[in-house]
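Asker: Take this structure first; my questions come after.
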Amino acid sequence: MNSEANFDYLRYMTDHEDKKALLGELMTVYGKEVWNYAYSITRKWDMADDIAQEVFIKVYKNLHSFRSDASVKTWLLTITRNTAIDFQRSAFIRKVTLTDWVGETGERRSVEQDVIENQAVNEMWNLVLKLPVKYREVLILYAHNQLSLKEIADMLGVTEGTVKSRMFHARKKLSKMKERMEYGSDR
């Protein structure tokens, strides 16, 4: 199953084993994108883990509700967004999240060239993660998840014009942030 496959048959899945197999495939194909999107919204590794897990539990329970109005990817990212918003609103999360500490994974690249090539991209994504949510999410959905403006608008419940406006302002803010980073914050 490739990431562009149209999962029309999702709504017809009723057999328990078929649902489990399909869920496994969806997790394999889209799991990383779901986690990345959850992280881009929350900026917390542990919360992104919980959200991704919750998303796939919801998907399993609601396979029958998938409509072919949108792609499976858009459906999953919409569920991810709504779940992340619910997590952030929950009183439990507000009370229990005591620290933003993130432990290092211990992974290090041994090839210096890889680090140099990835540095510019990583710096840009770090700047993207500093943007307000409404700007950050349109850039991530467009650039990283490669959704169309219409898909983003539908997913966020706004007009395409609003998506274009948010992208314009996001790029403008990124440009200013990058300029400040390059020339120091005294500018």
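The values are calculated or read from the model by the stated rules, or taken from the named source; none is laboratory data. Just so you know, these numbers come straight off a predicted model, no measurement behind them. All Cβ positions, glycine included, derive from the backbone under ideal geometry; neighbour counts span all protein chains shown. For the accessible areas, the whole protein counts, side chains as well, though only heavy atoms, and no ligand, DNA or RNA atoms are used. Shrake-Rupley method; radii C 1.70, N 1.55, O 1.52, S 1.80 Å.
Asker: Just checking, which of G31, G24 is modelled with pLDDT of 85 or more, under 28 Å from L127 (Cα atoms) and part of a helix (DSSP H, G or I)?
Answerer: The match here is G31.
Asker: Of all the helices (runs of 4 or more DSSP H) wholly in segment 62-138, which have at least 1 residues that are of a type outside the set (G, A, S) and at pLDDT 85 or above?
Answerer: Helices (runs of 4 or more DSSP H) meeting the threshold: 72-89, 112-130.
Asker: I need every pair where a residue in segment 29-58 that is more than 17 Å from Q88 (Cα to Cα) has its Cβ under 7 Å from the Cβ of a residue that is open to solvent by 60 Å² or more (accessible area, probe 1.4 Å) and of a type outside the set (D, E), sequence separation at least 6 or different chains.
Answerer: Every condition considered, the pairs that remain are V29/M1; F56/M27.
Asker: Could I ask something else about it? Every residue in segment 139-177 that is over 16 Å from the mean Cα position of the chain (by Cα), open to solvent by 80 Å² or more (accessible area, probe 1.4 Å) and modelled with pLDDT under 90, please.
Answerer: Within segment 139-177, R171, K176 qualify.
Asker: Also: When you scan segment 45-60, do you find a residue that is at pLDDT below 85, closer than 23 Å to I152 by Cα and part of a helix (DSSP H, G or I), even just one?
Answerer: no
Asker: A further question on this structure: For R180, indicate whether it is touching a residue at least 12 places away in the same chain (Cβ under 8 Å), part of a helix (DSSP H, G or I), among the basic types (K, R) and surrounded by 12 or more Cβ atoms within 10 Å (Cβ to Cβ).
Answerer: no
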